[in-house]
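The values are calculated or read from the model by the stated rules, or taken from the named source; none is laboratory data. Everything numeric here is computed off the predicted structure, so don't read it as measured data. As a convention, Cβ positions derive from the backbone with ideal geometry for all residues, glycine included, and neighbour counts pool all protein chains shown.
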Amino acid sequence: MANLESEILKRVRARPGFSRVALARELRIAPSTVGNYVGRLIEEGFLTESAAVENADAEAGRPPTALRLNPDGGEFIGIDFEARNIMAMSVDFSDTPVKHIHKPIEETDTVPQILKKIEQAIKSVLPGNQSRLLAIGIGVPGLVDPAKGLAIDYKYIQNWHNVRITEPLAQQFGVPVYIENTIRSMALAEMWFGQGRGQGDFLCIGIRSGIGAGIVAGGQLQRGSAHRAGEIGRWRFTWPKSAMARYFMGEASATADVELQEVASVRAILAALERARESKEKSVLFAQPGPLSFKDVVRAAQQRDTLTSRVLEVAAEMLGQAVGQLVLALNSSKVILAGPLTLLGDTLLRPLRAQAEELLHASGADLPSIVNSTMGEYSGALGAAALAVHEWKPTR
C-alpha cells in the first residue's frame with residue numbers, strides 16, 4: 001500500500017495537475033483502485049484536488065480534476081556539508097523552501113563537534129510543530145554507505161572514518177534519515193529543480209574543498225557498485241606547464257603528478273594564492289592582511305587582477321581536462337558546474353571549455369553544453385531534502 005501511495009505522490013510531484021485517469025493509465029491499474037488510494041492521500045493531507053483539467057480525459061461519473069501536492073502535508077529537511085560549511089534547508093510537501101541556515105566548520109572541530117553542529121542545524125530549520133517533520137536527507141562528503149548510514153572516509157576532515165550518521169539522528173528526531181554523497185545530492189537538485197531538469201544524461205561537477213562528479217545516465221543517478229562513482233577529485237594528472245604551478249605544489253613539489261582536487265578545488269586555489277603572497281607576488285588580493293576568502297578571489301577576478309587570473313587559468317585548464325575525459329567516457333549531453341567557482345562566471349568557464357574542446361576535438365568528439373549551476377550555495381541542501389522526499393514513503 002505504502003509503495004503505491006509513494007508512486008502516486010512521485011508522479012504528482014513530477015507533473016502537478018495529473019488527473020486520476022491519467023495516473024491509472026501511467027500506473028497500469030484500474031481507475032477505481034487509483035481513486036481509492038488518491039482518496040486516502042487526500043484524507044491524510046498529502047494531496048489536494050482542484051478545478052477541472054483542460055483537455056483531460058473524462059472520468060466515468062465525474063468531471064476530471066487536477067491533483068496537486070498539499071504544501072501543508074509535512075516538511076522535509078536537507079543537510080549538505082563539506083570541510084568548512086554546513087548548509088541546512090527545510091522544504092514543505094510541495095518542495096517550496098521554508099527555512100535555511102549556514103553554520104561554519106572550524107579546522108579544529110572534532111568529529112563529535114561536527115555531528116553536534118549538524119544536529120543544531122537541523123533544529124534551526126525544524127517546523128514549529130515537529131510532528132510535521134517527515135524525513136531528513138543528508139549530503140555527506142567523501143565515501144558513503146547509504147544502506148548502513150555510514151560516512152566511510154573524507155580526506156579533508158580529520159579522523160572522519162566510519163562515522164555513524166543516520167541512526168543517532170533518526171533516534172533523536174523520530175523520522176527516517178537518508179544519506180548520499182554530497183556531490184550526488186547536488187546532482188539530484190539539478191535533476192529535479194535545476195539545469196538538469198528534463199536531461200537524461202548529464203554531469204554535475206561539484207567543486208568545493210574537494211571535487212566530485214554526480215553522474216546521471218538514462219535518467220538515473222549513478223552510484224557505482226560500492227557507492228564510489230564520480231570520485232574524480234582523486235584522478236591524477238601531470239603537473240600543468242605553467243609558471244603558476246609552483247604555487248600549487250606545496251608539499252607535493254617532488255611528485256611527478258597530482259590529484260585534480262589539489263589544483264582545481266576552492267581550497268587548492270586559496271592555498272596557491274597564499275603561497276604567491278609569501279613569494280611577494282603583486283596582487284590586489286594582498287592589500288590587506290589576514291587569510292583570503294573565496295569572495296576575495298571573486299572580487300580580484302572581477303578587477304582582472306593578473307595573478308588571480310593566471311592562478312584560476314591553471315585550475316580551469318585542469319578541470320577542462322577532467323571534463324573532457326568524462327564526456328568521452330560517458331557521452332553526456334550537458335555538464336553543470338556547481339559550488340563557489342560558479343561565482344567566477346566566464347573567467348573560469350572560458351578556459352575550461354577551451355581545454356575540454358581541444359581534448360574532445362582531438363578525439364573526434366563534440367563539446368557538450370557546459371554551464372554554471374544557477375541554484376546557489378544551498379543547492380546541495382535542496383538536493384539532500386529532495387533525497388528525503390523521494391526516499392520517504394507514507395505510513396499508517
Within the range 192-213, residues touching a Leu at 6+ places or on another chain (Cβ under 7 Å) and under 28 Å from Leu134 (Cα atoms) come out as Phe193
Which pairs do you get when a residue that is over 10 Å from Phe193 (Cβ atoms), found in the range 374-396, comes within reach of a residue that is surrounded by fewer than 18 Cβ atoms within 10 Å (Cβ to Cβ) and of a type in the set (A, V, I, L, M, F, W, C), reach meaning Cβ atoms under 8 angstrom, with the pair 6+ apart or on two chains? Lys393/Ala2; Pro394/Ala2; Thr395/Ala2; Arg396/Met1; Arg396/Ala2
Taking the range 166-179, which residues are closer than 15 Å to Leu382 by Cβ and either among the hydrophobic types (A, V, I, L, M, F, W, C) or part of a helix (DSSP H, G or I) (or both)? none
Taking interchain pairs and intrachain pairs at least six residues apart, which have beta carbon atoms under 6 angstrom, with the first residue in the range 71-100 and within 27 Å of Leu143 (Cβ to Cβ) and the second among the charged types (D, E, K, R) and part of a loop (DSSP other than H, G, I, E, B)? Glu82/Arg208
Looking at Ala301, Ala268, can you tell me which residue is within 14 Å of Thr347 (Cα to Cα), small (Gly, Ala, Ser) and part of a helix (DSSP H, G or I)? Ala301
If I ask for residues that are assigned to a helix (DSSP H, G or I) and among the aliphatic types (A, V, I, L, M), which ones from the range 180-214 would you list? Ile183, Met186, Ala187, Leu188, Ala189, Met191
Boolean, Ala187 is surrounded by 24 or more Cβ atoms within 10 Å (Cβ to Cβ), in the same structural domain as Ala83 (by TED's automatic domain parsing) and out of contact with any helix residue (DSSP H, G or I) (no Cβ under 6 Å at 6 or more places or on another chain): yes
Mind counting the residues in the range 326-356 that are without any contact (Cβ under 8 Å) to a residue 40 or more places away in the chain and more than 20 Å from Met186 (Cα to Cα)? 10
From the list Ile136, Ile114, Ile118, Ile122, exactly one residue is at pLDDT 95 or above, in a strand (DSSP E or B) and buried (at least 18 other Cβ atoms within 10 Å of the Cβ). Which is it? Ile136
Scan the range 217-238 for residues that are over 22 Å from Ala315 (Cα atoms) and of a type in the set (Lys, Arg) and jot them down. Arg223, Arg228
Condition met for Val314 (modelled with pLDDT under 95 and buried (at least 18 other Cβ atoms within 10 Å of the Cβ)): no
Exactly one of Ser131, Ser90 is closer than 24 Å to Phe193 by Cβ and either in contact with an Asp or Glu (Cβ under 7 Å, 6 or more places away or on another chain) or not basic (Lys, Arg) (or both), and that residue is Ser90
